[in-house]
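Read the structure below first, then the notes.
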Amino acid sequence: MSSNSFGKLFTVTTFGESHGPAIGCVIDGCPPGLAIAPEDFRHDLERRATGRSRHTSQRHEADEVEILSGVYEGRTTGTPIALLIRNTDQRSKDYGDIAATFRPGHADYTYWQKYGIRDPRGGGRASARETTMRVAAAVIAKKWLAEHHDVRVRGHLAQLGEVTPRGFDREAAEQNPFFWPDAGQVAELEDYMHALRKSGDSVGARVDAVAEGVPPGWGEPVYGKLDGDLAAAMMSINAVKGVEIGAGFAAVAQRGTQHRDEMHLDGFTSNHAGGILGGISSGQPVTVSVAFKPTSSILVPGQSVSLAGEAVAVVTKGRHDPCVGIRATPIVEAMLALVLMDHALRHRAQCGDVGPVAPRIA
């Protein structure tokens with residue numbers, strides 16, 4: 001299987017399966033001298049983890065990071081950083097009944113068609129468990145971006161099924177398991193998810209993320225566009241079916257006089273472009289919105305076929321998220337941070353001597 005690496009100068013290669021002994025990643029291109037310790041990974045990995053509430057999969061993984069290389073006396077050396085996380089709570093028996101069938105909405109059928117073999121335990125390589133290592137790698141990217149450019153990446157759940165926030169408090173999003181920006185709606189979301197889980201069905205979600213402090217100039221025209229790489233990065237996340245930069249699809253109904261972000265010396269009047277013009281960052285916040293499909297692993301029977309070519313009804317048992325988007329905020333943040341880290345290094349390599357160019361819009 002190829003294409004397990006991401007990024008040009010800050011390159012992340014992940015490996016491992018959902019029910020294998022471990023998952024891991026190798027990060028190549030990290031600048032030397034960055035202070036990193038195993039405890040630095042704990043916060044974001046806990047934010048991504050299953051089992052934080054009864055509304056997500058009840059798989060409980062320790063997610064303890066082992067730093068195997070690339071760090072000496074607490075600082076990165078500039079050599080490849082290898083991170084490993086042992087899997088500690090697999091229940092492979094849950095997948096025994098579906099080993100000979102294809103689950104509707106899953107990658108079972110396409111993996112079989114491509115490779116002629118698949119790991120049915122938790123989806124194998126196609127499992128969202130793989131995103132744990134993206135989040136771990138992004139801890140390093142976030143720390144470097146913050147220290148060198150004062151960039152801060154944050155996200156929140158912007159829609160759960162038909163429900164949208166009535167208010168917006170970014171700090172509130174970190175105080176509840178939904179990453180929801182309106183604390184007054186948390187009880188409503190609890191009831192919504194309880195009814196959904198009781199029905200055996202699932203629902204989709206939307207996650208918004210923003211990177212503040214991104215300087216102008218990151219990104220490349222034509223084939224290395226910052227928004228193009230962001231779109232590809234977000235689409236690489238499991239269950240993602242849509243990506244918007246800035247106004248996104250809302251731009252279809254806007255007039256040019258409304259959509260264009262007019263400029264004054266004291267700043268832009270709006271940010272419909274999502275902080276990216278011509279594939280290059282403008283200095284405004286970089287904004288991205290990601291749509292997640294409903295979970296395909298549900299208790300409601302669905303029609304499919306078996307490896308023997310027979311019609312079957314599939315019921316997916318085990319521990320699954322009725323809405324994968326609930327814990328996707330740290331994953332979207334991670335991919336945004338990894339893209340920005342890669343482009344920061346790419347910009348420094350080619351244009352590091354350019355420096356600030358007047359006029360500079362505040």
FRET efficiency (Ser270, Tyr223; Cβ distance; R0 35 Å; to 0.05) is 0.80
The ratio Rg/Rh over the Cα atoms of the chain, Rh being the Kirkwood inverse mean 1/r radius, stands at 0.98
Residue separation between Asn4 and Gln258 times 0.36 nm, minus their alpha-carbon distance, gives in nm 87.4 nm
The FRET efficiency for Tyr115 and Ala62, from their Cβ-Cβ distance with R0 = 30 Å and rounded to 0.05, is 0.50
Listing Asp229, Asp191 by rising number of other beta-carbon atoms within 10 angstrom, fewest first, gives Asp191, Asp229
Ordered by fewest other Cβ atoms within 10 Å, a rough proxy for footprinting exposure, Asp169, Asp321, Asp150 read Asp150, Asp169, Asp321
With a Förster distance of 51 angstrom and the Cβ-Cβ distance between Glu73 and Ala250, calculated FRET efficiency to the nearest 0.05 equals 0.55
From fewest to most C-beta neighbours within 10 Å, the residues Ser127, Ser281 line up as Ser127, Ser281
With Cα springs under 10 Å, the Gaussian network model of the chain assigns the largest mean-square fluctuation among His264, His43, His19 to His264
Expressed in nanometres to one decimal, the distance between label points 7 Å along Cα→Cβ at Glu190 and Glu162 is 2.3 nm
Quick calc: nm separation of the 7 Å Cα→Cβ label points for Glu174 and Lys241 -> 3.3 nm
Of 341-351, 138-148, ordering from highest average Cβ density within 10 Å down gives 138-148, 341-351
Expected sort for 353-362, 25-34 on mean C-beta neighbours within 10 Å, highest first, is 25-34, 353-362
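No lab work stands behind these numbers, since they all come straight from the coordinates. Small disclaimer: the values here were computed from a predicted structure and weren't measured. Cβ coordinates were reconstructed from backbone atoms using ideal geometry, including for glycine residues, and neighbour counts include every protein chain displayed.
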